[in-house]
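Please read the structure below before turning to the comments.
The values are calculated or read from the model by the stated rules, or taken from the named source; none is laboratory data. All values derive from a computational prediction rather than experimental measurement. Note that each Cβ is placed from the backbone with ideal geometry, even for glycine, and that neighbours are counted across all protein chains shown.
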Amino acid sequence: MSEESNKEDKSPGLLPWTEIVTNDKESSVKFYTELFGWSTDVMPMPNGQEYTVFKKGDRPVAGCVVPPTEEGAMPMWLSYVTVEDIDASIAKLEALGGKVFKGRVDIPMGSFAVVAGPEGAVFAFWQYGEEG
């Protein structure tokens, strides 16, 4: 396999990541690791929380996070869609009747925003950063 074929495709419009947002992280991690045979890695987040990465072998496949307490998010799987320009994508989403639940957030790997289409289905925009 060539080095080129091992590179992650960062094209706009793809779904490169999904994560479960849950208020009971311990039970969720236990459930999904047992259900799918996943292992986990834990990494610290800037807000003092920990982010759990589910892995199949050495490959990261999904994440698990507790929402910030002030947001009170409903437990759900959240899929990320790659965009080239997150600010332009947010503006276009709003112009098309979508809703922004959490505006742009910048983290070391890139930027994200949690949004919904006019029908209410929630997803997130993901713009890769220099480290992503």
*Would you be able to say whether some residue in the range 68-88 is more than 16 Å from the chain's Cα centre (by Cα), surrounded by fewer than 17 Cβ atoms within 10 Å (Cβ to Cβ) and either basic (K, R) or assigned to a strand (DSSP E or B) (or both)?*
no
Going through the range 60-97 in order, the residues found to be modelled with pLDDT of 95 or more and of a type in the set (F, W, Y) are Y80
Pairs returned, first residue in the range 98-111 that is within 16 Å of W17 (Cβ to Cβ) and at pLDDT below 95, second residue that is exposed (fewer than 12 other Cβ atoms within 10 Å of the Cβ) and among the charged types (D, E, K, R), beta-carbon separation under 7 angstrom, 6 or more apart or interchain, are P108/E131; M109/E131
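Can you report the number of residues in the range 94-125 which are touching a strand residue (DSSP E or B) at 6+ places or on another chain (Cβ under 9 Å) and either of a type in the set (A, V, I, L, M) or assigned to a loop (DSSP other than H, G, I, E, B) (or both)?
Residues that pass the stated criteria total 13.
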Pairing a residue in the range 112-132 that is closer than 13 Å to M76 by Cα and buried (at least 17 other Cβ atoms within 10 Å of the Cβ) with any residue that is charged (D, E, K, R) and modelled with pLDDT of 90 or more, where Cβ atoms lie under 7 Å and the two sit 6 or more apart in sequence or on different chains, gives V114/K102
### Test for F54: is it farther than 14 Å from L15 by Cα, surrounded by 12 or more Cβ atoms within 10 Å (Cβ to Cβ) and either at pLDDT below 95 or out of contact with any helix residue (DSSP H, G or I) (no Cβ under 9 Å at 6 or more places or on another chain) (or both)
no
The one condition V42 fails out of (1) surrounded by 13 or more Cβ atoms within 10 Å (Cβ to Cβ); (2) modelled with pLDDT of 95 or more; (3) not polar (S, T, N, Q) is (1)
